[in-house]
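Read-outs throughout are calculated quantities, based only on the coordinates presented, and are distinct from any laboratory measurement. None of these values were measured; they are calculated from a predicted model. Every residue, glycine among them, receives a Cβ derived from its backbone with ideal geometry; neighbour counts consider all protein chains shown.
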Amino acid sequence: MPRFRACYDYGMGGIWLYVEAASAAEVVERYPALVVVKRRPSWMSPEEDRKLRAKADNPFWTKWLADLANEPPAQLRER
């Protein structure tokens, strides 16, 4: 399954990660607080991007995404 680069913008920065999904639209549907970023930002080196992709299977991020998906929509809008 493809992986999509995404960012969770918390106002003073962002959490970058890769999310496995059938499409970019599925990422946004599943995780409304995430923004899919198709192109690697200019500040992110190819090496940083590779490391980010390698962390996608980390159980910490799997749990973090599950928690994010279960947040009530009102909490997401307050950010």
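List the trypsin sites (Lys or Arg not before Pro) within the range 1-61 that DSSP assigns to loop and that have no more than 10 neighbouring Cβ atoms inside 10 Å.
Values: sites: 3, 5, 30, 38, 39, 50, 51, 53, 55; in loops: 38, 39.
Of the trypsin sites (Lys or Arg not before Pro), the ones in loops of the range 1-61 whose Cβ has at most 10 other Cβ atoms within 10 Å are 38, 39.
Just the number: Rg to Rh for the chain, Cα atoms, Kirkwood Rh, two decimals.
Result for the chain is an Rg/Rh of 0.95.
Show me, for the range 59-71, the HN-Hα J-couplings you get by feeding each phi into the Karplus relation (A = 6.51, B = -1.76, C = 1.60, θ = phi - 60°), rounded to Hz, glycine and proline as x.
These are the phi-based 3J(HN,Hα) values: x, 4, 6, 4, 5, 4, 5, 4, 5, 4, 5, 8, 5 Hz.
Under the Karplus relation 6.51 cos²θ - 1.76 cosθ + 1.60, θ = phi - 60°, what is the ordered set of whole-Hz ³J(HN,Hα) values for the range 39-52, x standing for Gly and Pro?
The phi angles translate into 9, 4, x, 4, 7, 8, 6, x, 5, 4, 5, 4, 5, 4 Hz.
Please identify every one of the chymotrypsin sites (Phe, Trp or Tyr not before Pro) in the range 1-71 that sits in a loop by DSSP and has no more than 10 other beta carbons within 10 Å of its own beta carbon.
Working: sites: 4, 8, 10, 16, 18, 43, 60, 61, 64; in loops: 10, 43.
Taking the range 1-71 and a limit of 10 other Cβ atoms within 10 Å, the loop chymotrypsin sites (Phe, Trp or Tyr not before Pro) found are 10, 43.
Once phi is turned into θ = phi - 60°, what whole-Hz ³J(HN,Hα) does the Karplus curve with 6.51, -1.76 and 1.60 give for every residue of the range 3-15, x standing for Gly and Pro?
Karplus values, whole Hz, x for Gly and Pro: 10, 10, 6, 9, 9, 9, 8, 9, x, 10, x, x, 9.
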